[in-house]
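Engineer: Next up is a structure, given as structure tokens.
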Protein chains: 2
Amino acid sequence: MAQKPSIPKGTRDFNPEQVAKRNYIFQTIQSVFETFGFQPIETPSFENSETLMGKYGDEGDRLIFKILNSGDYFDKLNKSLVEVIKDSLHNILIFIKKTGSENINWLTYKEVYLNFIPNHIKSNKNIQLTEEKLNYNQLAETLWFIIYDGFLKTQEKLNQFIDEGDSRIDDFATRVFGSFYFNFSSVHVSDYITEKALRYDLTVPFARYVVQHQNEIEFPFKRYQMQPVWRADRPQKGRFREFYQCDADVVGSNSLWQEVEFVQLYDAVFSKLKLEGVTIKINNRKILSGIAEIIGASDKLIDFTVALDKLDKIGEEKVKEEMLSKGISEAGISKLQPLFNLSGSFGSQIESLKAILSTSKEGTKGIQELEFVHAAITELGLSTATLQLDVTLARGLNYYTGAIFEVAAPKSVQMGSIGGGGRYDDLTGIFGLDDMSGVGISFGLDRIYLVLEELGLFPETVTKSIDVLFINFGDKEALFSLKAIKALRANGINAELYPEAAKMKKQMTHANRRNIPFVVLVGEQEMNSNTYTLKNMVSGEQKTVSLDELKNLKK
Amino acid sequence: MAQKPSIPKGTRDFNPEQVAKRNYIFQTIQSVFETFGFQPIETPSFENSETLMGKYGDEGDRLIFKILNSGDYFDKLNKSLVEVIKDSLHNILIFIKKTGSENINWLTYKEVYLNFIPNHIKSNKNIQLTEEKLNYNQLAETLWFIIYDGFLKTQEKLNQFIDEGDSRIDDFATRVFGSFYFNFSSVHVSDYITEKALRYDLTVPFARYVVQHQNEIEFPFKRYQMQPVWRADRPQKGRFREFYQCDADVVGSNSLWQEVEFVQLYDAVFSKLKLEGVTIKINNRKILSGIAEIIGASDKLIDFTVALDKLDKIGEEKVKEEMLSKGISEAGISKLQPLFNLSGSFGSQIESLKAILSTSKEGTKGIQELEFVHAAITELGLSTATLQLDVTLARGLNYYTGAIFEVAAPKSVQMGSIGGGGRYDDLTGIFGLDDMSGVGISFGLDRIYLVLEELGLFPETVTKSIDVLFINFGDKEALFSLKAIKALRANGINAELYPEAAKMKKQMTHANRRNIPFVVLVGEQEMNSNTYTLKNMVSGEQKTVSLDELKNLKK
């Protein structure tokens, strides 16, 4: 390999400084999670495809990284497939010769399946094709489509097939096999060559975990999870194909006290990170539903919320235009006017909403929920964050059913949201466990990192190097030094010996490049007097110390 | 989805207790790594395939998990491929008709490439096929083989091709396309549909990292890395498809002081884990080479070491039989006899080896290296581990060039090695950076976990639940409780409120099931007197306390 190696686009190497800073954020979040009673779980990096597929919409399915089956499965699939094709062609030929070709155009897939798919495929459960993913009916449909198209569609083709079929079965089979791959290509073939996929988020694996382990879990279950996820998104600035998610969720209770707790949790984490002045925005899906109901657009709730969500970015006029274009009536939109003028305190906004939503039962319920959370937070107080009602907040996510959260960085920093979450009444329904309400929030690690970096909020100690480097003057000195190093390490001081008796200058340069604050020099004289020459690399100051003094270097 | 969801075989979910115990091991190892001056890096979960393939032998290549390309690449590949095939068939027909068919059997691949592969493929760098992985010459070879086999091999086929070629080009193309997939199947097609693969170990990505970032790294570079790796191995007891590796390596120095440091590091980690009595086995590749030289089997070094490595398991006689069967002479094997009788202290074993290896320069060098490490460790002392010479230790790894390490659990536990490593003189050579010596060790997390579990060495505090649960008697009481909870959390006490005003019994059961040591009850009376009823869930004792007393619960 001549050229310099590289990593896949959208992925990152992290150097020691970056790892240390990221761990500082992780550990801060983790310690607050635990103070609040959340417990960690971990799930595998890859899940069975059927666990993930269909859970994130078509776009999501496209962005899921699929893992190729290992071994020579593809090879076996191909060989079995060609056999099946040959046998099917045989059966079709026999069928035509016996019953005539008149009715061939009117066969159902079931008849095709029964008549043409070889018996050993239908009956033998041990054949590779059936063992794994190849669905009988789907295979029958696919093959029939190709065979029909290639041989039976026109009288001319049909005649050729009847005339030459017996003698050229291998030829024809290869042609069908080629068409199979060509017509069905990636989407179709993928089903046969991959059955595992990389985690796309932490919510679906968590739902799977809860259902799978429901008998071992004590509900309500407060879990946190900090693991990487992978998305085959187009890489661009700030968007990666591998990134960490940090989620906390409670499952198994409807209590609004949990919403209160999550607001406190956000406040606690960002306060502990010294990131003061974040805004915790809150909304409620029921309010959005209520508004849609009031303006006669209940059937267009998604279009309506998607448009409203853009208010910040494109402004009132464009939002109205978009709503109109989606078929929301002029009259309906005019009823929204008070919404666009909503401002002032949480309380006064609530009052305006009450007026707008007085006739909507669901909207009123949403207001009550918001009021509950707001009243509790007002009473309990927040350390450095502000709770703010944002009725435009929708987060484009269809599954929230109650509270919706989003956290904005302090206004001095240009950055999108640094966290978000909400309540979803039926978290585990996709896996067959109904009536499990969940509510959770998530922290955006990469963006929090950028914000802390920009505001200079990483503590200096996070990225510090080792405390002291012992200069190596030769094997005797090195051994003497290692005895001291052993004592220092036992005392919690990070210490090391330069591994070689290189030139003094080289070793000092090494210490400087690594920002090591102290070096120790041990020569003949020090060994004889059982002392150490300690040099402060910042001040340049140098003094002779005892081992005891050295061990208390950091005090 | 009706049936209960599951996870792929060979993978694991970790529940809160397991995560806590695993983190305890990680954090212990990490803290020692840092005390010794190692710095963390992280690399992406997947690498470009060419970074990993060919680095672990054929068996390794087979066990690497490959990631399917995303998007409709497969689809585009197929469509382009069929176009290329059609154009090639056209070109071949024209060629045959113009120059006759006599010489078609004698064309070189280069001529095939020049004459038949369509110009737009050869010249247009933007065509999907060329942009990505499809190699011109490989494609030309592949296609030519199939076309030759299908149409040109026998006179009869050739005539058919010449007669019918023009009118049935689509038919023929599909047949070639089918043959392409069929003949080359998984191994071949994989090249075109996957270009990323999951990390198989941490060593190769580390080597890649060092070469890629060589200009930013200050050498010698001491790095540690604790990340999962994936292997498509047959899952079985104790062998997983996803597992963590914890590695520490130094790159960029030949100093033997590093071997000394790694022995100390193993001792420090296992002592800190309270896992006393581990044996750190050490050997040296140069000693194995020296012995092979002495017995005249230098060309059979691998066979020789593989056999010797089995001494523990199959005994002296079987080892000798295996050596004989591999072509090592009787005379040579008889020279090994002192080796089989090697016992006693490190020092006396060294003396025996010196006698055996006196005429081998390399063997003598190996002995000197071992003596250096042994002398230093004897002088420095180990806390709880024992250093032991094991001349049969080879670890089956071809890339070690100097020291070889392996750690055995205390004899009271039946368990394979719980760690291992060694020196490899040319770590980064595979990526084009020569003369970079590396030495490193690794910890076997899963086995260490099992050993600590078996010996009951996990500290109780590791898996403790929250400290205190506040019983929920209603919204007013809950709000009062949350004020106390806020104060407790600020004081480092893990506290939570039961989210609903459920029946008292249900809430107490919840506390018991989660092993929560204390619950607090707050009713009308407590609110009025600003006190809290604290119940010890172990002793059953119950008393009235103030907030200040509550805040000092853990003292």
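The values are calculated or read from the model by the stated rules, or taken from the named source; none is laboratory data. On a predicted model such as this, the values are computed, not experimentally measured, just so you know. Glycine also receives a Cβ, built like all others from the backbone with ideal geometry; neighbour counts cover every protein chain displayed. Please note that ligands, DNA and RNA were not included when accessible areas were found on the heavy atoms of the full protein model with its side chains. Shrake-Rupley method; radii C 1.70, N 1.55, O 1.52, S 1.80 Å.
Engineer: Would you tally the residues in region A:351-378 being of a type outside the set (Ser, Thr, Tyr) and surrounded by fewer than 18 Cβ atoms within 10 Å (Cβ to Cβ)?
Structural biologist: Summing the residues that are of a type outside the set (Ser, Thr, Tyr) and surrounded by fewer than 18 Cβ atoms within 10 Å (Cβ to Cβ) in region A:351-378 gives 9.
Engineer: Inspect region A:517-539 for any residue being modelled with pLDDT under 95, within 10 Å of chain B (Cβ to nearest Cβ), more than 27 Å from the chain's Cα centre (by Cα) and open to solvent by 30 Å² or more (accessible area, probe 1.4 Å) and give the result as yes or no.
Structural biologist: Checking region A:517-539: not a single residue is modelled with pLDDT under 95, within 10 Å of chain B (Cβ to nearest Cβ), more than 27 Å from the chain's Cα centre (by Cα) and open to solvent by 30 Å² or more (accessible area, probe 1.4 Å).
Engineer: Can you tell me which of A:Phe14, A:Phe26 is open to solvent by 20 Å² or more (accessible area, probe 1.4 Å), of a type in the set (A, V, I, L, M, F, W, C) and more than 9 Å from every other protein chain (Cβ to nearest Cβ)? Outline the logic, then answer.
Structural biologist: Working: A:Phe14 fails: more than 9 Å from every other protein chain (Cβ to nearest Cβ).
None of the other options fit; the residue is A:Phe26.
Engineer: Now a separate question. Quick check on region A:475-494: of everything there that is more than 7 Å from chain B (Cβ to nearest Cβ) and without any contact (Cβ under 8 Å) to a residue 40 or more places away in the chain, which residue is surrounded by the fewest Cβ atoms within 10 Å (Cβ to Cβ)?
Structural biologist: Ranking the qualifying residues of region A:475-494, first place goes to A:Ala490.
Engineer: Just to be sure, is A:Ile121 in a helix (DSSP H, G or I) and either under 31 Å from the mean Cα position of the chain (by Cα) or at pLDDT below 65 (or both)?
Structural biologist: Yes.
Engineer: Could you list, in sequence order, all residues of region B:324-346 that are among the polar types (S, T, N, Q), over 17 Å from B:Ile282 (Cα atoms) and open to solvent by 70 Å² or more (accessible area, probe 1.4 Å)? Explain how you work it out, then say what you get.
Structural biologist: Within region B:324-346, the subset among the polar types (S, T, N, Q) is B:325, B:329, B:334, B:337, B:341, B:343, B:345.
Now narrow it down to the ones that are over 17 Å from B:Ile282 (Cα atoms): B:325, B:329, B:334, B:337, B:341.
Scanning region B:324-346 gives B:Ser325, B:Ser334, B:Asn341.
Engineer: With more than 17 Å from the chain's Cα centre (by Cα) and buried (at least 17 other Cβ atoms within 10 Å of the Cβ) as the only criterion, which of B:Phe46, B:Phe33 stands out? Break it down stepwise before answering.
Structural biologist: Details: B:Phe46 fails: more than 17 Å from the chain's Cα centre (by Cα).
B:Phe33 is the lone residue from the list that is more than 17 Å from the chain's Cα centre (by Cα) and buried (at least 17 other Cβ atoms within 10 Å of the Cβ).
Engineer: At pLDDT 70 or above and farther than 30 Å from A:Ile193 by Cα, is that true of A:Gly100?
Structural biologist: Yes: the conditions hold for A:Gly100.
Engineer: Go through (1) in contact with a Ser or Thr (Cβ under 6 Å, 6 or more places away or on another chain); (2) part of a loop (DSSP other than H, G, I, E, B); (3) not basic (Lys, Arg) one by one and return the number of the condition B:Leu275 breaks.
Structural biologist: Answer for B:Leu275: the failing condition is (1).
Engineer: Would you confirm, using the coordinates I've provided, whether B:Ser289 is part of a loop (DSSP other than H, G, I, E, B) and not aliphatic (A, V, I, L, M)?
Structural biologist: Taking the combined requirement at face value, the residue does not satisfy it.
Engineer: Considering region A:420-451 alone, what residues qualify as being part of a helix (DSSP H, G or I) and buried (at least 21 other Cβ atoms within 10 Å of the Cβ)?
Structural biologist: A:Phe431, A:Ile448, A:Val451, listed by residue number.
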